[in-house]
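Where a number appears in this text, it was derived from the coordinates with a stated rule and is not lab data. Because the structure is predicted, anything quoted here is derived from the model rather than measured. Methodologically, a virtual Cβ is constructed for each residue, glycine included, from the backbone with ideal geometry; neighbour enumeration extends over all protein chains shown.
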Amino acid sequence: MPRHLSIKAPYPPGDFAIWIIIYVELLTFSLLFIGYAFSRRAEVELFNASQLVLNQTSGFINTLILITSSYFIVKAVQSIKNMTKQTTQSANSVASKWLLSAMFLGFLFLLMKVSEFTQIFGMGINLSTNTFFMFYLLLTMFHFMHVMLGLIILGNIYQKTKRVGYTTDDYSGIETGASYWHLVDLLWIVLFPLIYIIR
Amino acid sequence: MENKLEIAWFTLALLTIFAFFLGHFNTINSSIVAILLISTFIKGQVVIDYFMGLKNVRLGYRLIPTLWLFVVLSLIATAYYLPITHY
C-alpha cells in the first residue's frame, strides 16, 4: 500500500487505561521539570556548583542502559505481534529472552542509581541540603520508583511468555507493559540533560 | 526500511553520547543549550514514534506526548534564556 494511503490505528498499543496513566505521569513530571528550570533562575551559581557533585558518567551510562532496554522490549513485542498460530511457542520463547535482557538492564539501572544515591547520602546531602538537591532527589527517586514498578510489570509479562500465554488473539498485555517501560525511558531522556548537563 | 528500529536505537545512542561529551568537556554555554534541547526533542520524538509505536496511530494520540515534549523543553529554554533581574 502506498505510504500516503496507509491506515493509522485508531488507538495506541495496549490497554487504553495505560495511556491515561502515561499522560498523567507526563503531566506530573513536567511540573517537576519546569519547577526545577525556573527555581534554577533564582540560584544559578548554587545550582551550577551543586551539579558538579553529580556523576555525569553514571547519568550517561544509565541513559544508554534505558534506551537499550527499551529497544529490547520493542523486539519482544515484535516477536509476539509477528507470530502465527504455528509459531506461538517459539515467539513466546524469543520474547521471553528479549524481556529477560531488558529486565537485566533495568536492574543494572537501579544498581547504578543506588550506588549514586549512596555516594550522595554519604556526603551528608539530603532533601533539605539546598533547592538543587531537593529537585535532584525528588526527580531521580520518583523516577527510580517508576523503574521498579516497570520491572514488576515486565516480570509479570515475562512469566506469561514462559507459560506461552500470548497468542495471536491476545497480546494486549505485553503492549501495555511495553508502553509503560517506554514512558520511563522518555522521562529519563528529558531528566538527564536537564539535571546532569545543562548549566 | 527493514531496520528502522535499529536506526532509532543508534540515533538515540549517538545523541546521548553527543550530550555527554558536551557536558563532560564543559562546553556548555547558551547556544549549546539550545542545540542540546533540540537534540533532546529529537530523542523524545524517536521514542514516541518508534518505541511507543505512535507513528502509526491516529494523529491525536501521537500529538499528546509530542506537544508535552515541545512545551516542557520550550519552558526549560524560556527559564534558561529569560534575562535574570535582581531586585
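So for B:LEU5, A:LEU52, fewest C-beta neighbours within 10 Å to most, what's the order? Don't skip to the answer; put the middle values down first.
On the way: B:LEU5 15, A:LEU52 9.
Result, fewest neighbours first: A:LEU52, B:LEU5.
R0 = 25 Å: FRET efficiency of A:ILE61 with B:ILE35, Cβ-based, nearest 0.05? Write out the running numbers ahead of the final one.
Numbers: r = 22 Å, r/R0 = 0.88.
In this case the efficiency is close to 0.70.
Connecting C-alpha atoms closer than 10 Å in a GNM of chain B, tell me which of B:LEU73, B:LEU63, B:LEU36 has the biggest fluctuation.
B:LEU63
How many angstrom lie between the C-alpha centres of the stretch A:53-68 and the stretch A:137-183?
About 21 Å separates the Cα centre of the stretch A:53-68 from the one of the stretch A:137-183.
Treat each spin label as a single point 7 Å out from the Cα along the C-beta direction, and report the A:ALA9 to B:LEU14 distance in nm.
For A:ALA9 paired with B:LEU14, the spin-label model returns 2.7 nm.
Between A:LEU183, A:LEU99, A:LEU46, where does the largest GNM mean-square fluctuation fall for chain A, given springs only between Cα atoms within less than 10 Å?
Maximum fluctuation in the GNM of chain A, among the listed residues, is at A:LEU46.
Taking amide H positions as placed 1.01 Å from N in the peptide plane, with prolines and chain starts having none, which residues 5 or more places from A:ASP15, or on another chain, fall under 5 Å of its amide H?
Amide H to amide H, under 5 Å and 5 or more residues apart or across chains, A:ASP15 pairs with A:THR176.
Non-local amide H neighbours of B:VAL57 (under 5 Å, H modeled in plane, Pro and chain starts lacking H): which ones?
For B:VAL57, the qualifying residues are A:ALA9.
What's the magnitude of the charge dipole for chain A around its Cα centre, counting Lys and Arg as +1 and Asp and Glu as -1 at the beta-carbon? Answer in Debye, nearest 20. Don't skip to the end; give the middle numbers.
Numbers: 13 positive and 9 negative charges, 105 e Å.
Magnitude of the dipole: close to 500 debye.
Test of understanding: in a Gaussian network model of chain B with alpha carbons linked when under 10 Å, which of B:THR27, B:THR66, B:THR40 would top the mean-square fluctuation ranking?
Fluctuation is largest for B:THR27.
Run a plain Debye calculation on the stretch A:1-60 (Cα atoms as equal point scatterers, no solvent) and give log10 I(q)/I(0) at q = 0.13 Å⁻¹, rounded to two decimals, same order as the q list.
The Debye formula, applied to the Cα set alone, gives -0.66.
With label points built 7 Å along Cα→Cβ from the Cα atoms of A:THR168 and B:PHE21, find their separation and express it in nm.
4.8 nm
Could you tell me which of A:GLN51, A:GLY165, A:LEU31 has its Cα farthest along the dipole of chain A towards the positive end, charges placed at Cβ (Lys, Arg +1; Asp, Glu -1), taken about the Cα centre?
A:GLY165
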